[in-house]
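K.L.:
Below are the structure tokens for one structure; questions will follow.
The values are calculated or read from the model by the stated rules, or taken from the named source; none is laboratory data. In this text the structure is predicted, and so the values were computed from the model without any measurement. Quick reminder, even Gly has a Cβ in these numbers, built from the backbone with ideal geometry, and neighbours come from all protein chains shown.
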Amino acid sequence: MDFAKERKSMVERQIKARGIYNDRLLDAFLKVERHIFVPKSMIKYAYYDQPLSIGHGQTISQPYIVALMIDLLELNEDDIVLEIGTGSGYQTALLAELARNVYSIERIETLARSAEERLKKLGYNNIIIKVGDGTLGWNGTTFSTDEKTLSYKEEIDIKFDGIIVSAAAPEMPQKLIEQLADNGRMIIPYGKHFSQDLLRISKKKNKIKKENFGGCMFVPLIGEYGWKK
């Protein structure tokens, strides 16, 4: 397959055609090779307009939805971003192209390890991944018992310019809102299993603004402030 051609078609037909024109974001989608982040059995579908299974009951989201969520974050190159749900690392790589640093939490250790290995091979040195409960945010999450194999950097009470949540929450995780910086933005699917809305939460001088960008469908956010296993 001509993956470069497939990727260009994806950007033109699935993303730009739906009204996303952020040049930095589009360049990131052209650069990051989605087929590297899907299972080998799914490679021929890598640039299709659909989510794909990555195992463990998780998915790599539809390209347009990933683009929409990142676009709504309105990232600057100096921003620090928290990602809840590393998955295969595809969205992580896109964020790393746009922000200064990306901190990512994945509750499934196997996915976290494979994503980190993949991202390291691709040369990303501005990504830090750990295993834990994403609903607690970076400051509240503890590492797995074998933490030395994962990236680690001591941070005290870090605040994030952007938070992106790749699973649907049944209630608003207050720990994540607390970890938003002033003027920070959080993108989160919110609602029940089969009825969710994509929300942008903006924080300014400790005041919270909510915007609804329509219906969506994500796997459930598991954790102390999410769905229970």
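K.L.:
Would you check if there is a residue in the range 117-125 being at pLDDT 95 or above, hydrophobic (A, V, I, L, M, F, W, C) and not in a helix (DSSP H, G or I)?
P.N.:
Taking every residue of the range 117-125 in turn, at least one turns out to be at pLDDT 95 or above, hydrophobic (A, V, I, L, M, F, W, C) and not in a helix (DSSP H, G or I).
K.L.:
Tell me, which strands (runs of 3 or more DSSP E) wholly within the range 2-111 include 2 or more residues that are closer than 15 Å to Ile129 by Cβ?
P.N.:
Details: elements: 52-55, 58-60, 80-84, 101-106.
The strands (runs of 3 or more DSSP E) meeting that bar are 80-84, 101-106.
K.L.:
What are the pairs, 6+ residues apart or on separate chains, where a residue within the range 1-23 that is under 19 Å from Glu33 (Cβ atoms) has its Cβ under 8 Å from a residue that is among the β-branched types (Val, Ile, Thr) and surrounded by 14 or more Cβ atoms within 10 Å (Cβ to Cβ)?
P.N.:
If the second residue must be among the β-branched types (Val, Ile, Thr) and surrounded by 14 or more Cβ atoms within 10 Å (Cβ to Cβ), the pairs left are Met1/Ile43.
K.L.:
Which of the numbered conditions does Glu171 fail, given that it passes all the others? Conditions: (1) part of a loop (DSSP other than H, G, I, E, B); (2) in contact with an Asp or Glu (Cβ under 6 Å, 6 or more places away or on another chain); (3) of a type outside the set (Ser, Thr, Tyr).
P.N.:
Among (1) part of a loop (DSSP other than H, G, I, E, B); (2) in contact with an Asp or Glu (Cβ under 6 Å, 6 or more places away or on another chain); (3) of a type outside the set (Ser, Thr, Tyr), Glu171 violates only (2).
K.L.:
Scanning the range 137-168 for residues that are acidic (Asp, Glu) and in a loop (DSSP other than H, G, I, E, B), which turns out modelled with the highest pLDDT?
P.N.:
Step one: filter the range 137-168 for residues acidic (Asp, Glu), giving 146-147, 154-155, 157, 161.
Narrowing the set further to residues that are in a loop (DSSP other than H, G, I, E, B) leaves 146, 154-155, 157.
Values: Asp146: 50, Glu154: 54, Glu155: 56, Asp157: 72.
Step by step, filter the range 137-168, then rank; the result is Asp157.
K.L.:
Taking the range 1-28 as the search range and keeping residues that are of a type in the set (Lys, Arg) and over 18 Å from the mean Cα position of the chain (by Cα), which one is surrounded by the most Cβ atoms within 10 Å (Cβ to Cβ)? So that I can check it myself, show each step before the final result.
P.N.:
Let us first name the residues in the range 1-28 that are of a type in the set (Lys, Arg), namely 5, 7-8, 13, 16, 18, 24.
After this cut, where a residue has to be over 18 Å from the mean Cα position of the chain (by Cα) as well, the list is 5, 7-8, 13, 16, 18.
On the way: Lys5: 10, Arg7: 20, Lys8: 14, Arg13: 14, Lys16: 15, Arg18: 11.
The qualifying residue surrounded by the most Cβ atoms within 10 Å (Cβ to Cβ) is Arg7.
K.L.:
Going by the conditions given, is Leu72 over 22 Å from Gly215 (Cα atoms) and of a type in the set (A, V, I, L, M)? Steps first, please.
P.N.:
Numbers: over 22 Å from Gly215 (Cα atoms): no; of a type in the set (A, V, I, L, M): yes.
It is false that Leu72 is over 22 Å from Gly215 (Cα atoms) and of a type in the set (A, V, I, L, M).
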